[in-house]
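Worksheet: one structure, shown below.
The values are calculated or read from the model by the stated rules, or taken from the named source; none is laboratory data. Computed from a predicted structure; not experimentally measured. Backbone-built Cβ (ideal geometry, glycine too); neighbour counts: all protein chains shown.
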Amino acid sequence: MHPMKTIDLYVSIAEASHHMVNAARASNWDELVSAEQECARRVAALRAHQESNGATSDAAEEKRRINILGEILALGDELHLGGDLTALGTFELRHVIGSLGAVSRLLIR
């Protein structure tokens, strides 16, 4: 088993973000909340990993990290601006949108 790389954690967060958007598209609010909680766990894992290993990366990994962050931000925009998704106006969706924005702010640091 190889040690987890920082970039793998970013990929994991992007996957969880996709899961959140897909759940919102399907109006599956229970799944959306579950996906948001999983995303938060993955962000916590990233933060812990960076605290114990530092935030070092090579140029190629840094470029990939920036691309992944762009993807996460685009997913957040879809939740914010996604027409039918935002027209639903549910508490859960507003909560998740705020959480995804918080995830983005944490990852950009």
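The residue of the range 1-34 that is surrounded by the most Cβ atoms within 10 Å (Cβ to Cβ), among those that are in a helix (DSSP H, G or I) and free of Cβ contacts under 8 Å to residues at least 24 places away in the same chain, is Ala23. Considering only residues in the range 39-54 that are of a type outside the set (A, V, I, L, M) and surrounded by 15 or more Cβ atoms within 10 Å (Cβ to Cβ), the one that is nearest to Asp77 (Cα to Cα) turns out to be Cys39.
Looking at Arg109, is it more than 10 Å from the chain's Cα centre (by Cα), at pLDDT below 60 and closer than 19 Å to Val11 by Cβ? Judged against the criteria, Arg109 is a match.
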